[in-house]
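Chemist: One structure follows; several queries about it will come next.
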Amino acid sequence: MARVTKTITLSLPPEMAEKIEEIMKEEGRTRSELLREAVRRYAEEREWKKIYHYGELKARERGITEDQIEDIIDAHRR
């Protein structure tokens, strides 16, 4: 059966490695679990930044100010 994970090597500053060990003990999780979550969250944050940037760009193109956004959303929800 094919392996469903891929092993990688990662270099970290000692302070960061110690912080991971501390969190592992506190939360009872593995290093892999913590790093997978960190990468997943980073990827989600990047995606939201792209969406936010796209929204800013489109609002600027349409002359919509930040103050108007909440009103537009409220009107759309009605």
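Each reported figure results from applying straightforward, stated rules to the coordinates on display, with no laboratory input. Worth saying up front: this structure is predicted, and the values here are computed from it rather than measured. All Cβ positions, glycine included, derive from the backbone under ideal geometry; neighbour counts span all protein chains shown.
Chemist: So what J values fall out for the stretch 16-30 if you push phi through Karplus, 6.51 cos²θ - 1.76 cosθ + 1.60 with θ = phi - 60°, rounded to Hz, Gly and Pro as x?
Modeler: 5, 5, 5, 5, 4, 4, 4, 5, 4, 5, 5, 9, x, 10, 8
Chemist: Oh, and also: Along each principal axis of its Cα atoms, how long is the chain end to end? Whole angstroms, biggest number first, please.
Modeler: Answer, in whole Å and largest first: 49, 36, 26 Å.
Chemist: Can you give the FRET efficiency to the nearest 0.05 for Ile20 and Arg40, using r as the Cβ-Cβ distance and R₀ = 22 Å? Show your work: numbers first, answer last.
Modeler: Values: r = 16 Å, r/R0 = 0.71.
The calculated FRET efficiency here is 0.90.
Chemist: Please report the net charge: other residues with Cβ closer than 12 Å to the Cβ of Thr65, K and R +1, D and E -1. Let's see the in-between values first.
Modeler: Numbers: positive: Arg60, Arg62; negative: Glu56, Glu66, Asp67, Glu70, Asp71.
Taking every other residue near Thr65 into account, the sum is -3.
Chemist: Here is a follow-up. Can you compute the helix-only [θ] at 222 nm over the chain? Use -39500 (n - 2.57) per DSSP H run of at least 4 residues, normalise by all residues, nearest 500 deg cm²/dmol.
Modeler: Working: 3 runs with 58 residues, N = 78.
The helix-only estimate for the chain comes to -25500 deg cm²/dmol at 222 nm.
Chemist: Next question, about the same structure. Once both axes come from the Cα atoms, what is the angle between helix 66-77 and the longest principal axis of the chain, in degrees from 0 to 90, rounded to 10?
Modeler: Tilt relative to the chain: about 90 degrees.
Chemist: Quick check: the angle from helix 31-62's long axis to the longest principal axis of the chain, C-alpha only, nearest 10 degrees?
Modeler: Helix 31-62 sits at roughly 20 degrees to that axis.
Chemist: Right, next: Hey, which lysines would be in cross-link range of Lys25, C-alpha to C-alpha under 29 Å, not counting anything within fewer than 8 residues on its own chain?
Modeler: Lys6
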